[in-house]
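Reading through the structure tokens given below for one structure.
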Amino acid sequence: MPGLYIVATPIGNLGDITRRAVETLAACDAVACEDTRVAGKLLNHLGLSKPLWRHDDHASDADRARVIEAARSQAVVLVSDAGTPLISDPGYRLVRAAREAGIAITSLPGPSAAITALTLAGLPTDRFLFAGFLPPKDKGRKDALQALAHVPASLVLYEAAPRLTRTLAAIGEILPGREVAVARELTKLHEECRTGSAEALAAHYAAHPPRGEIVLVIAPPPDRPAEAPEDADALLLAALETLKPSQAAAEVARATGLDRKALYARALALRRP
């Protein structure tokens with residue numbers, strides 16, 4: 001049937017493609033993909049030949065309009081280079097546009113590096129947050145980790161091999177004491193999932209530079225007793241010596257996990273003569 005079909009593709013081992021994905025690729029009229037060379041290799045492996053339309057992070061409004069218009073009367077498949085489209089991938093813009101245009105959308109489940117790593121890591125899976133790639137620069141990376149520090153869930157991140165040791169060092173500094181799993185080359189011959197402290201893992205990979213795609217899983221923050229009101233007051237008073245009430249409340253909220261609005265109201269009260 002005409003429409004847009006979101007098809008998950010293997011993240012490494014070509015044997016992981018689903019039967020339904022193969023059937024959909026065989027029946028479709030065109031494939032929108034990140035890289036025509038990568039998609040072409042998969043189709044060749046499957047013995048298929050389809051028109052390939054490049055649709056990546058640089059896709060323009062005109063590119064999206066072309067796919068949407070085609071999907072009104074044809075079956076158009078959306079794939080990423082590996083795994084499930086839209087996961088750390090710009091395809092959501094196309095899906096959003098298709099939904100606004102009233103195009104039928106079908107999503108076929110399949111491989112995902114984030115989920116595969118999470119199941120290998122042996123860390124809590126009842127609640128997790130996928131945060132994609134951290135910023136490449138040191139300050140941005142640390143700021144992003146600080147923003148995630150109090151999320152009560154396992155954190156799942158993607159990282160490039162050349163940045164791994166710097167990222168692990170930042171995790172050790174901003175999220176001290178957390179267990180970390182480094183999963184790489186998932187589903188491939190040299191698949192690895194190594195766990196330990198961020199410091200130990202950084203030392204290992206400094207001595208053994210990694211290759212391949214990497215997923216990091218970070219344990220949730222440890223449970224801690226609730227801050228007593230007098231403790232929060234002491235922290236607020238210290239922060240108010242150099243910060244405005246709103247800034248002091250935000251800083252104490254980050255440090256304690258307490259409600260920022262309540263802390264702001266308390267900060268205003270503490271500033272009154």
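The values are calculated or read from the model by the stated rules, or taken from the named source; none is laboratory data. Values in this document were obtained by computation on a predicted structure and should not be read as measured data. Cβ atoms come from the backbone with ideal geometry, glycine included; neighbour counts cover every protein chain shown.
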*asked:* Pairs needed: first member in the stretch 61-83, hydroxyl-bearing (Ser, Thr, Tyr); second member anywhere, at pLDDT below 95 and surrounded by 17 or more Cβ atoms within 10 Å (Cβ to Cβ); C-beta distance under 7 Å; at least 6 residues apart or different chains.
replied: Ser80/Glu34; Ser80/Asp89; Ser80/Gly91
*In the stretch 260-273, residue farthest from Ile174 (Cα to Cα) [restricted to those that are among the charged types (D, E, K, R) and surrounded by 13 or more Cβ atoms within 10 Å (Cβ to Cβ)]*: Arg271
*Looking only at the stretch 34-48, decide whether some residue is of a type in the set (Val, Ile, Thr), within 15 Å of Gly83 (Cα to Cα) and crowded, with 17+ Cβ neighbours inside 10 Å.*
no
*Under the condition of being part of a loop (DSSP other than H, G, I, E, B) and not acidic (Asp, Glu), which residue from the stretch 180-206 is farthest from Pro10 (Cα to Cα)?*
His190
*Of the conditions (1) hydrophobic (A, V, I, L, M, F, W, C); (2) more than 24 Å from the chain's Cα centre (by Cα); (3) surrounded by fewer than 20 Cβ atoms within 10 Å (Cβ to Cβ); (4) under 20 Å from Ser107 (Cβ atoms), Leu86 clears all except one; give me its number.*
(2)
*Are any residues in the stretch 254-268 at pLDDT 85 or above and either within 13 Å of Leu235 (Cα to Cα) or in contact with a helix residue (DSSP H, G or I) (Cβ under 7 Å, 6 or more places away or on another chain) (or both), and if so, which ones?*
Arg260, Leu263, Tyr264, Arg266, Ala267, Leu268
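Does the stretch 121-146 hold any residues that are touching a residue at least 24 places away in the same chain (Cβ under 8 Å), touching a helix residue (DSSP H, G or I) at 6+ places or on another chain (Cβ under 8 Å) and either on the phi > 0 side of the Ramachandran plot or not polar (S, T, N, Q) (or both), and which are they?
Listed by number, the residues that qualify are Phe128, Leu129, Phe130, Ala131, Leu134, Pro136, Asp138, Arg141, Lys142, Leu145.
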*Would you be able to tell me the number of residues in the stretch 249-273 that are over 20 Å from Val151 (Cα atoms) and assigned to a helix (DSSP H, G or I)?*
8
*Among the residues of the stretch 220-242, is there at least one that is surrounded by 16 or more Cβ atoms within 10 Å (Cβ to Cβ), among the hydroxyl-bearing types (Ser, Thr, Tyr) and over 24 Å from Glu173 (Cα atoms)?*
no
*asked:* So Gly177 passes all but one of these: (1) more than 19 Å from Leu134 (Cα to Cα); (2) part of a helix (DSSP H, G or I); (3) small (Gly, Ala, Ser). Which condition number does it fail?
replied: (2)
*Scan the stretch 133-167 for residues that are of a type in the set (Asp, Glu) and either buried (at least 18 other Cβ atoms within 10 Å of the Cβ) or part of a strand (DSSP E or B) (or both) and jot them down.*
Glu159
